[in-house]
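These notes concern the structure reproduced below.
The values are calculated or read from the model by the stated rules, or taken from the named source; none is laboratory data. On a predicted model such as this, the values are computed, not experimentally measured, just so you know. When we count neighbours, we look across all protein chains shown, and the Cβ atoms used for this are built from the backbone with ideal geometry, even at glycine.
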There are 2 protein chains.
Amino acid sequence: MKSIKVGLLGFGNIGRGVWDITRMNNTTITEQCGYSIEISKILVQTDKDRGVNQGLFTTNAHEILDNPEIDIIIELIGGLSPAKDYILKALNSKKHVVTANKAVIATYGDELLSAASNNGVYLYYEGSVAGGIPILDSIRESLAANRIEEIMGIINGTTNYILTKMTKEGSDFSKALSEAQHKGYAEANPSSDVDGFDASYKLSILSSLAFNTKLPVESIYREGITKISPIDIEYAKDLGFVIKLLAIGKLREDSIELRVHPTLIPAQHPLAAVNDVYNGIFIKGNAVGNLMYYGRGAGSLPTGSAVVGDMINIIKKMSCSYPSPLSSGAPEKKLQSMESTRCEYYIRIMVKDIPGVLGKIATLFGNTGVSLSSVIQKGEGEPLVSLVFITHNTLEEGIQRAVDEIKKIEEVAEIANIIRVENQYQA
Amino acid sequence: MKSIKVGLLGFGNIGRGVWDITRMNNTTITEQCGYSIEISKILVQTDKDRGVNQGLFTTNAHEILDNPEIDIIIELIGGLSPAKDYILKALNSKKHVVTANKAVIATYGDELLSAASNNGVYLYYEGSVAGGIPILDSIRESLAANRIEEIMGIINGTTNYILTKMTKEGSDFSKALSEAQHKGYAEANPSSDVDGFDASYKLSILSSLAFNTKLPVESIYREGITKISPIDIEYAKDLGFVIKLLAIGKLREDSIELRVHPTLIPAQHPLAAVNDVYNGIFIKGNAVGNLMYYGRGAGSLPTGSAVVGDMINIIKKMSCSYPSPLSSGAPEKKLQSMESTRCEYYIRIMVKDIPGVLGKIATLFGNTGVSLSSVIQKGEGEPLVSLVFITHNTLEEGIQRAVDEIKKIEEVAEIANIIRVENQYQA
């Protein structure tokens, strides 16, 4: 198997995520791009044991940037300096670069992209906005046929967590902020998040790409969430709205409108349901219409997913590979039979309204090994009433057996409906 | 400007969308891929006036498939035959192919992708699943670093429209179906949608790509929505659930689980808010975590967006182009000043609770040209009460002027908060 040598600059939260993903998904990655990825050197600030082969680490950037065997540099140091110089040096040495550094892209993106283009290499930065949500890639590739007319995004997880807490629990700003800090979602100095700086950087990157022009971060109107009080949230609710910190970019007839500020949006807007640390980005294109993306906007693995995704993309482009037929290479995978599927079930049974029938049915469920989580009975006094059961997770064949038995009960008129339940969702 | 010649097979709803997009977004497309797209020939079944240059049309497929000047074929005929033969012939003539034909990809995808790979050309089919939502591209490119563990999708707009009607209005299935037919969302023979066949085709394509194996449509367990009654929807609601037709694919330890059936999902699940003809696809990757896409799953322009997007993608790959620096080529775009921004506003004012103060403030808003849409007053009897106003769409500078005047009113203690409102959302 051919391998691609990669140099990692920085081994913090995201660097560790990239390391973990290239290990745990090694097979998938090789299937996707035809190469295995070898992280051959990692730049760190100090020597210490990190539970990873010590020989990989160096405190000298030149060991990576000047290594002719390394094709791709992953910059995860953050901040402007020395990140910018390292990226520029890598591009000028004709190495492809992937970064998740929003500050460096929002500030020097144009200069760095020029350098990449002049050197015939790629510079990708999907991880710099909205973590694992592939929004930049979508704008650049899949939505390329559209004139993008509007972007509205919840692109800062910390403030979304705080506003969600304030909305759901009525806490005031400072209490919700402490909780966010306690959970590690907010920094000791929270200004970058709560004053909207972080969202402004991301909006600058997002809208520069969407509207295909340079939109520097200083030009963005910015207001944070520190002045929002529980009473505003309550009034907004009475009026049918939810308050979110939005980053907004709109294409006007002869100009572009950019702003980051707390915003009332209708409770039925898809963004209104984006809660906790989740991010959501709403895009309107003149062909595709309204589109929304929802996912984790930060974190070691989600952001690592974007970084490794960029890397795979580059490798595929380097090798001009074609999408492979579905079955080639990959092993045939077995389909699970429906009988051996596990699910929760909603079962509605029409019964004669006679005392004791619920007990009979519930006992039968128990005897056939089906455990129940809820029961509702409605329509008292009519000749036939509905009994509704929700089961715990059960084998499909167990349900079939139980239902066959229940049909035999004299008071049971009909198994009116059986519908599966997917209940494993956790935000 | 260099141009790429494209042949279009079929000029129905989606073909017309592709035609319209290449006209209206000509500049954007050229900015994106460095070429202009020229639809040089269109295959139709019969000659008639379509309001487009008649010379473009032909009823003879060979005029397109055997034309050495045409690099890309767009297949939008639908169905298996002759679509499959045309695609195969195009690939074997080393032409790239884009299709939105779910039947042909679900049935012959593997054979066709092999032919593409053997001939060193691309076969893309983003439009075959979920219209304009770039879900296949995301799985293939941006999420390539992930092992996809789960897919749950609302990928049939017709049944989602029917279930939404039944949920919101309590209509029964047949009434909701008639309405869907009346609006053109359902066919006269609705079986393909309501019995889940359409969703099964799409799940076969989606899961074959996500799980990287061949998953034929016949192997998918399938149940439609015809047996769902309003009473089930009501019980589900009482229990905290919503009923949706889901296409589900799950990666199990040594097998894959695939099924299409009506499903109860928790009301707070992001898919529960996907209503009307919208599609939503929920994906879980082992690095990125939970991700959701939401958008229009059908229609001339949304599906056209996917088709033209595929085409741009191919052109960029043919020419191995690098993402251009943000400002190059594109004209500099002006930023709109905040004062000239228009918005609705939420304004909360603390006032002394004296009769007539609401009138004074409302009059002042009117005098400064700010029109109000709602007012709430709460906290009667306390020394200071909150008055909350929502304005109609207003210039930012108009709001500033009004607020400056209102501050001078004696009974006004404080302008407690001003928050912008984004209220233009329509599903």
Test for A:Lys407: is it over 41 Å from the mean Cα position of the chain (by Cα), among the charged types (D, E, K, R) and farther than 16 Å from A:Ile418 by Cα: no
Number of the condition not met by B:Ile390 [criteria: (1) outside any strand (DSSP E or B); (2) touching a residue at least 24 places away in the same chain (Cβ under 8 Å)]: (1)
Every pair of residues 6+ apart whose Cβ atoms lie under 8 Å, when the first sits in region B:399-414 and is in the same structural domain as B:Cys343 (by TED's automatic domain parsing) and assigned to a loop (DSSP other than H, G, I, E, B) while the second is at pLDDT below 95 and charged (D, E, K, R): B:Ile409/B:Lys360; B:Glu411/B:Lys352; B:Glu411/B:Lys360
Any chance B:Val370 is outside any loop (DSSP other than H, G, I, E, B) and either within 14 Å of another protein chain (Cβ to nearest Cβ) or in contact with a helix residue (DSSP H, G or I) (Cβ under 8 Å, 6 or more places away or on another chain) (or both): no
Every residue from region A:318-365 that is at pLDDT 85 or above and basic (Lys, Arg): A:Arg342, A:Arg348, A:Lys352, A:Lys360
Selection within region B:390-414 - closer than 13 Å to B:Tyr345 by Cα and not charged (D, E, K, R): B:Ile390, B:Thr391, B:His392, B:Asn393, B:Thr394, B:Leu395, B:Gly398, B:Ile399, B:Gln400, B:Ala402, B:Val403
Selection from region A:343-367 of residues that are exposed (fewer than 13 other Cβ atoms within 10 Å of the Cβ) and either within 14 Å of another protein chain (Cβ to nearest Cβ) or of a type in the set (Val, Ile, Thr) (or both): A:Ile354, A:Thr363
Scope region B:205-218; condition within 9 Å of another protein chain (Cβ to nearest Cβ) and either free of Cβ contacts under 8 Å to residues at least 12 places away in the same chain or more than 19 Å from B:Ser128 (Cα to Cα) (or both); matching residues: B:Asn212
Residue tally, condition hydroxyl-bearing (Ser, Thr, Tyr) and crowded, with 24+ Cβ neighbours inside 10 Å, over region B:157-173: 2
Qualifying residue in region B:175-189 (condition: touching a Ser or Thr at 6+ places or on another chain (Cβ under 6 Å), part of a loop (DSSP other than H, G, I, E, B) and within 24 Å of B:Tyr293 (Cα to Cα)): yes
Number of the exception - A:Gly289 against (1) under 15 Å from A:Glu149 (Cα atoms); (2) at pLDDT below 90; (3) within 23 Å of the chain's Cα centre (by Cα): (2)
Number of the condition not met by B:Lys284 [criteria: (1) closer than 26 Å to A:Thr28 by Cα; (2) over 21 Å from the mean Cα position of the chain (by Cα); (3) surrounded by fewer than 23 Cβ atoms within 10 Å (Cβ to Cβ)]: (2)
Region B:32-53 - residue that is in contact with a Lys or Arg (Cβ under 6 Å, 6 or more places away or on another chain) and hydroxyl-bearing (Ser, Thr, Tyr) and, of those, surrounded by the most Cβ atoms within 10 Å (Cβ to Cβ): B:Tyr35
A:Lys94, sole failed condition from (1) surrounded by fewer than 18 Cβ atoms within 10 Å (Cβ to Cβ); (2) closer than 26 Å to A:Gly157 by Cα: (2)
Top-ranked residue in region B:4-59 [being away from every other protein chain (no Cβ under 14 Å) and without any contact (Cβ under 8 Å) to a residue 12 or more places away in the chain; ranked as nearest to the chain's Cα centre (by Cα)]: B:Gly51
Candidates A:Thr164, A:Thr99, A:Thr107 - the one that is out of contact with any Pro (no Cβ under 7 Å at 6 or more places or on another chain), closer than 19 Å to A:Ile281 by Cβ and not hydrophobic (A, V, I, L, M, F, W, C): A:Thr164
In region A:135-156, residue surrounded by the most Cβ atoms within 10 Å (Cβ to Cβ) [restricted to those that are more than 7 Å from chain B (Cβ to nearest Cβ) and assigned to a helix (DSSP H, G or I)]: A:Ile135
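Is it the case, given these coordinates, that A:Gly127 is buried (at least 24 other Cβ atoms within 10 Å of the Cβ), outside any helix (DSSP H, G or I), in contact with a strand residue (DSSP E or B) (Cβ under 9 Å, 6 or more places away or on another chain) and touching a residue at least 60 places away in the same chain (Cβ under 8 Å)? Walk me through how you get there before you give the answer.
Details: buried (at least 24 other Cβ atoms within 10 Å of the Cβ): yes; outside any helix (DSSP H, G or I): no; in contact with a strand residue (DSSP E or B) (Cβ under 9 Å, 6 or more places away or on another chain): yes; touching a residue at least 60 places away in the same chain (Cβ under 8 Å): yes.
No; evaluated as a whole, the condition is false for this residue.
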Any hit, region A:241-256, residues being in contact (Cβ under 8 Å) with a residue 60 or more places away in the chain, surrounded by fewer than 23 Cβ atoms within 10 Å (Cβ to Cβ), closer than 30 Å to A:Lys284 by Cα and not charged (D, E, K, R): yes
Count of residues meeting criterion [closer than 18 Å to A:Gln424 by Cβ and within 12 Å of chain B (Cβ to nearest Cβ)] in region A:373-404: 5
Selected residue (criterion: farthest from A:Met311 (Cα to Cα)) from residues of region A:3-31 that are basic (Lys, Arg) and touching a Lys or Arg at 6+ places or on another chain (Cβ under 9 Å): A:Arg16
Test: residue in region A:185-204 that is under 30 Å from A:Leu143 (Cα atoms), surrounded by 22 or more Cβ atoms within 10 Å (Cβ to Cβ) and either free of Cβ contacts under 8 Å to residues at least 24 places away in the same chain or of a type in the set (S, T, N, Q) (or both): yes
Any pair with Cβ under 9 angstrom, 6 or more apart, that starts in region A:288-304 at a residue that is more than 7 Å from chain B (Cβ to nearest Cβ) and ends at one that is of a type in the set (Phe, Trp, Tyr): A:Gly297/A:Tyr278; A:Ala298/A:Tyr185
Residue list for region B:237-286, filter: within 7 Å of chain A (Cβ to nearest Cβ), closer than 27 Å to A:Ala267 by Cβ and not in a strand (DSSP E or B): B:Asp238, B:Leu239, B:His269, B:Pro270, B:Ala273
